[in-house]
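Here the structure comes first, spelled out in structure tokens, and everything after it is commentary.
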Amino acid sequence: MGRFEDERRELIGSLRDKGITDEKTLDAMMRVERHLFVMDAFVNRAYEDTALPISKSQTISQPYTVAFMTQLLAPKASDKVLEIGTGSGYQAAILAELGCRVFTIERHYELHLQARNLLERLGYRVATRSGDGTVGWSEFAPYDGVLVTAAAPDVPPALLQQLAIGGRLVIPIGDLDTQQLHVVTKLEDGVATKMINGFKFVPLIGKQGWNSKL
Ligand code: SAM
């Protein structure tokens, strides 16, 4: 039996109790070893349902948030998905486990490098890049889904532009204290937006995000 398998199973059970219903997402989260994505000092807390610090004053998101956002994105296997905010690489690994073709951008070079090495070592074929994700990654557009894991003041126009018709953008929008998760579906003639309250993310910093003095 793998390390922390019981703890991971317990975490998955608690996500189910908290209302996560998508079995594919839960299975993917059962397969990805979150303890490999956290700092050594937090390995024993990797299966608590809580965000944990990673380098550069950033966080690996709370497992519930990862599950909830993935469920909202509802990707199909082989969908092309752009993630903004690679952080530890954990969310990218979950999307890769779901069979998505994953493209992920991280603003901090050091985090990008760590995540890229880890994802490679674990055998995930994820395209990673360091840079400002608020302007997207136009070379590979359009995307079936875009997932932003940091909080933006507004929907960055480039991310909407790079979304396929029928594609979904999941993004926390709000001020620096609390945000709403927006699920924006791109239609032939506009967008349909659903909002869910009560989330807290680190800021999305960039040209079409918060300014870099934060
Ligand atoms: N998805 C990550 C994981 O699974 O560990 C969680 C990431 S953390 C909550 C948000 C990340 O967004 C941080 O690593 C931060 O540096 C990054 N970020 C903030 N603004 C960004 C931008 N404009 N472009 C790319 N990454 C950005």
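Against the conditions (1) within 13 Å of the ligand (Cβ to nearest atom); (2) closer than 20 Å to I171 by Cβ; (3) aliphatic (A, V, I, L, M); (4) touching a Leu at 6+ places or on another chain (Cβ under 9 Å), V38 satisfies every one except (2). Of the residues P157, P153, P63, P142, the single one that is crowded, with 18+ Cβ neighbours inside 10 Å and touching a residue at least 12 places away in the same chain (Cβ under 8 Å) is P63.
Taking the conditions (1) among the aliphatic types (A, V, I, L, M); (2) more than 13 Å from the ligand (Cβ to nearest atom); (3) touching a helix residue (DSSP H, G or I) at 6+ places or on another chain (Cβ under 7 Å) in turn, A74 satisfies each one other than (3). Scanning region 179-194 for residues that are touching a residue at least 12 places away in the same chain (Cβ under 8 Å), surrounded by fewer than 13 Cβ atoms within 10 Å (Cβ to Cβ) and either in a strand (DSSP E or B) or within 21 Å of the chain's Cα centre (by Cα) (or both) gives a single hit, L187. The set of residues in region 78-126 being within 11 Å of the ligand (Cβ to nearest atom), surrounded by fewer than 19 Cβ atoms within 10 Å (Cβ to Cβ), under 22 Å from T25 (Cβ atoms) and not hydrophobic (A, V, I, L, M, F, W, C) is empty.
Here are some residues: R3, R9. Which one is touching a His at 6+ places or on another chain (Cβ under 8 Å), away from the ligand (no atom under 16 Å from the Cβ) and not in a strand (DSSP E or B)? Exactly one of R3, R9 is touching a His at 6+ places or on another chain (Cβ under 8 Å), away from the ligand (no atom under 16 Å from the Cβ) and not in a strand (DSSP E or B), namely R3.
Taken together, the values in this text are just the output of simple stated rules run on the coordinates, not laboratory data. Note that this is a predicted model, so its numbers are computed, not measured. All Cβ positions, even for glycine, are placed from backbone atoms using ideal geometry, and neighbour counts span all protein chains on display.
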